[in-house]
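Reviewing the structure listed below.
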Amino acid sequence: MSTTTALAVAPLTGPEADLLIAAARRAAQAAGVPVSVTVLDAGGHLLAFRRDDRAVLISGETSTRKAYTALQLDAPTAELTELVKPEGPFHSLPTALAQPLLFIAGGIPVHRDGRLIGAIGVGGGAPEQDHSFATAALAELS
């Protein structure tokens, strides 16, 4: 009988989620962009959320959906946008699931030791800005 032992990877913690939120907000504030930031754990559960007072209301929803999409597909949403165009292989995916996915840049999966442990999503700026704010946050977590 063969036994496979999976190496345990520490989950994304509340303090780490808070660090990601703060780092993304700092990057956004430096650019003068009010944003919402969502951090999910590996199971897709909310770990942390913050919406700047002046951020557009929909940014709360978009930041969460971007994080969820990055988590479910284990890829930055910026890399997935071409796949959902009418001729793309994921064309019907945004509406095929109970939890809607959002293929707009700003969602990035979070890994530890090569394992997926969560995701961050940023909404409120232009897609490229949101992606850069999420990327800056991840850089601080490392």
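The values are calculated or read from the model by the stated rules, or taken from the named source; none is laboratory data. None of these values were measured; they are calculated from a predicted model. When we count neighbours, we look across all protein chains shown, and the Cβ atoms used for this are built from the backbone with ideal geometry, even at glycine.
Table for the structure above
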| item | result |
| --- | --- |
| Residue list for the stretch 60-81, filter: under 24 Å from PRO34 (Cα atoms) and out of contact with any Phe, Trp or Tyr (no Cβ under 8 Å at 6 or more places or on another chain) | GLU61, THR62, ARG65, LYS66, ALA67, TYR68, ALA70, LEU71, PRO76, ALA78, GLU79 |
| Residue, surrounded by the most Cβ atoms within 10 Å (Cβ to Cβ), within the stretch 10-50, restricted to residues that are in contact with a helix residue (DSSP H, G or I) (Cβ under 7 Å, 6 or more places away or on another chain), in a helix (DSSP H, G or I) and hydrophobic (A, V, I, L, M, F, W, C) | ALA24 |
| Selection within the stretch 51-70 - crowded, with 18+ Cβ neighbours inside 10 Å and out of contact with any Asp or Glu (no Cβ under 9 Å at 6 or more places or on another chain) | ARG51, ALA55, GLY60, THR64, ARG65, ALA67, TYR68, THR69, ALA70 |
| Qualifying residue in the stretch 82-90 (condition: in a loop (DSSP other than H, G, I, E, B), out of contact with any helix residue (DSSP H, G or I) (no Cβ under 7 Å at 6 or more places or on another chain), modelled with pLDDT of 95 or more and surrounded by fewer than 16 Cβ atoms within 10 Å (Cβ to Cβ)) | no |
